[in-house]
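We did not get these values from a lab; they are worked out from the coordinates using the rules stated. Treat the numbers as computed from the prediction; the structure is a model and nothing was measured. Cβ: placed from backbone, ideal geometry, glycine included. Neighbour counts: every protein chain shown.
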Amino acid sequence: MQKIMIVEDDSEIQAELSKLLQNNGYQICFPITYESIVTDIEKMKVNLVLLDINLPVKDGFTICSEIRCHSKVPVIFLTARRTEIDELSGIALGGDDFITKPYNPAILLARIDRVLQRMPVGGGNSTISYKDVLLDIAAGQLVYQNHIAELTKTETKIMFCLFANSGNVTLREKIIDTLWNNSIFIDDNTLSVNITRIREKLATIGLAGFIITKRGRGYLI
């Protein structure tokens, strides 16, 4: 059973979320303090964090930044703040999704499920391999013949998409849809830039040509 940490200071919303998530098969937990969230995530073996922005002591943006310094656990912002700047800031700081209140319970559950399915987290298999190349998702690394290429979070997700569909063409639209739920954050050129950077890193460990472009469609490994 997957565990979701609720970081929300409104007791009514906290109780509402707890009931919704538990009724749909999730375990729930809460941070001991706002200062201990990073360590609580590890100790409680959290699979996903639902994070408000307007919180006492620290705001959600600060907390997300602190989480991202130590963990790749998925973070979904759930907040009454709804400007494009807020949404852009949340994603730029490492958030995996941004949902505004009041939320639709069915849509919230669907978005949680979608984020949890993007890559193994919280105790699942964190590595995947293809043709002697190992993708270490937890570490954000590609390993080949004892050589290591360090990947960003976005690059790791792109490579996971390709590894999970190895031997077949992964459509550009599928990668974009997996990485970013809202087209405001991404355009076709941004994906191309990320692929170029990944290829440069692959070349440094002897894997030039590992990613093949299928023009007008997507990418293949």
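Counting only aspartates and glutamates at least 8 places from Lys157 when in the same chain, those with an alpha carbon closer than 18 Å to its own are Asp96, Asp97, Asp113, Asp136, Glu173, Asp177, Asp187, Asp188, Glu200. Cβ-to-Cβ counts within 10 Å put Ile63, Ile28 in ascending order as Ile28, Ile63, the fewest first.
The order of the peptides 92-98, 132-138 by mean Cβ neighbours within 10 Å, most packed first, is 92-98, 132-138. Going by a ≥ b ≥ c, the root eigenvalues of the Cα gyration tensor, does the range 10-64 fall in the rounded group (a/c under 1.5), the prolate group (a/b larger than b/c) or the oblate group? Since a/c reaches 1.5 but b/c is at least a/b, the shape of the range 10-64 is classed as oblate.
Here the chain carries DSSP beta bridges of which approximately 55% are antiparallel, counting only pairs with both residues inside.
Taking other Cβ atoms within 10 Å as a rough exposure proxy, Glu8, Glu66 sort from fewest to most as Glu66, Glu8.
For the range 60-80 and the range 2-56, what is the centre-to-centre distance using only Cα atoms, to the nearest Å? A separation of 12 Å, based on Cα centres. Ordering Lys174, Lys43 by the number of other Cβ atoms within 10 Å of each residue's own Cβ, fewest first, gives Lys43, Lys174. Can you give me the Cα centroid spacing of the range 83-98 and the range 132-183 in angstrom? When both Cα centres are located, 22 Å separates them. Model label points for Thr127 and Asp177, set 7 angstrom from Cα along the Cα-to-Cβ axis, are 3.2 nm apart. Annotation for Arg215 and Arg199: the two label points, set 7 Å from Cα along the Cα-Cβ direction, are 1.3 nm apart.
Note on the chain: helix-only mean residue ellipticity at 222 nm, from DSSP H runs of 4+ residues weighted -39500 (n - 2.57) and normalised by residue number, equals -12000 deg cm²/dmol. Of the two radii for the chain, the radius of gyration is 0.98 times the Kirkwood radius, both from the alpha carbons; that is the Rg over Rh value.
If only the Cβ of Lys and Arg carry +1 and only the Cβ of Asp and Glu carry -1, the dipole of the chain around its Cα centre is close to 940 debye.
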